[in-house]
Amino acid sequence: MIQLKSAEEIRLMREAGCIVAECHALIADFIRPGVTTLAIDELVEQHIRASGAVPSFKGHLDFPASICAAKNDVICHGFPDNIPLEEGDVITIDLGAYRRGYHGDSAWTYAVGSVREEIRQLMDDCRQSLLLGIEQARSGKRIGDIGHAIEAFAAPRGYGVVRDFTGHGIGQELWEDPSIPHYGRAGTGPRISNGLVIAIEPMLTLGGWQATIDADGWTARTVDQSICVQYEHTVAVTENGPLILTQL
């Protein structure tokens with residue numbers, strides 16, 4: 001069931017979202033060749049707890065860490081580890097903070113040192129697809145308008161638009177209704193109303209969109225081992241349009 005949020009609930013979610021955004025600012029300064037994703041996980045957890053919140057992901061469905069770390073061909077839900085990042089890697093860090101009863105959730109892809117130009121372009125285009133999706137998060141629109149805007153931008157550029165993992169509603173629970181696909185037909189799906197808060201999180205690849213799950217039951221990666229990137233914001237639908245809750 002879709003749960004619309006009050007202005008006060010959105011304000012509380014903005015507080016959680018700001019903590020998430022602060023974590024991403026710390027990561028952007030910290031990440032470089034030689035750093036491990038376990039070190040990033042520790043950095044994030046320390047900041048979240050110091051800010052009076054708790055990590056949304058740690059313990060959620062028994063997930064073991066405060067971040068999801070998706071390197072190169074990993075799409076999402078990867079575990080942090082002690083393997084040093086290398087020059088030319090690309091890594092998505094997804095994280096959430098739970099404060100005063102509400103979650104904030106955001107993922108961002110980072111280049112480790114210098115990356116190939118096609119990867120840099122993929123990153124730029126995925127960020128742009130996120131903004132195009134956010135622009136559709138307005139009262140009176142439909143959920144399908146969000147996915148259509150993303151796919152209509154990404155697919156003609158030759159990117160795979162991941163289908164097996166979607167955005168979602170968010171609030172007192174980390175994952176709420178509705179599901180937010182990043183593909184689809186305009187004018188379809190549930191109608192968007194003021195008070196809806198959703199995570200929009202397009203995942204684009206340099207190859208196919210098909211995914212496979214590792215033996216750990218969590219880590220999703222591209223079947224063809226193509227590079228995948230992802231950008232995600234938590235967004236509230238308001239009478240003044242979409243409001244991004246996970247930015248400084």
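The values are calculated or read from the model by the stated rules, or taken from the named source; none is laboratory data. Values in this document were obtained by computation on a predicted structure and should not be read as measured data. We place every Cβ from the backbone using ideal geometry, glycine too, and count neighbours over all the protein chains shown. To get the accessible areas, we keep the full protein, side chains included, count just its heavy atoms, and leave off ligands, DNA and RNA. Shrake-Rupley method; radii C 1.70, N 1.55, O 1.52, S 1.80 Å.
Side notes on the structure shown:
- Note that the range 152-160 has calculated 3J(HN,Hα) couplings of 5, 7, 7, 4, x, 8, x, 8, x Hz, one per residue in order, obtained from phi through the Karplus relation 6.51 cos²θ - 1.76 cosθ + 1.60 (θ = phi - 60°); glycine and proline are x.
- Given (i) 16.8, 48; (ii) 19.8, 65; (iii) 19.9, 62, the label whose value is Rg and Dmax of the Cα atoms in Å derived from this model: (i)
- Computed from backbone phi, the HN-Hα couplings of the range 45-55 come to 4, 4, 5, 4, 5, 5, 8, x, 10, 10, x Hz, rounded to whole numbers (Karplus: 6.51 cos²θ - 1.76 cosθ + 1.60, θ = phi - 60°; Gly and Pro given as x).
- Extending 7 Å from the Cα toward the beta-carbon at both Asp216 and Arg185 defines two label points whose distance is 3.9 nm.
- Simple point charges give the picture: +1 on the Cβ of Lys and Arg, -1 on the Cβ of Asp and Glu, and for the chain a dipole about the Cα centre of about 740 debye.
- Carbon + sulfur, % of accessible area of the range 207-248 - ligands and nucleic acids excluded, 1.4 Å: 48
- The range 1-42 - percent of accessible surface contributed by carbon and sulfur, probe 1.4 Å: 59
- The range 67-151, accessible surface, carbon-and-sulfur percent (1.4 angstrom probe): 46
- Using the 1.4 Å probe convention, the accessible area of the chain works out to 42 Å² per residue with neighbouring protein chains retained.
- Charging the Cβ of each Asp and Glu at -1 and of each Lys and Arg at +1, and nothing else, the dipole of the range 157-248 about its Cα centre rounds to 400 debye.
- Global geometry of the range 1-108, whether rounded, prolate or oblate, following the gyration tensor of its Cα atoms and the 1.5 cut on a/c: prolate
- Shape of the range 69-146, Cα gyration tensor, a/c cut at 1.5: oblate
- Taking Cα centre as origin and charging only the Cβ of basic (Lys, Arg, +1) and acidic (Asp, Glu, -1) residues, the dipole magnitude of the range 68-150 rounds to 620 debye.
- Cα centroid separation - the range 213-244 against the range 1-73, whole Å: 14
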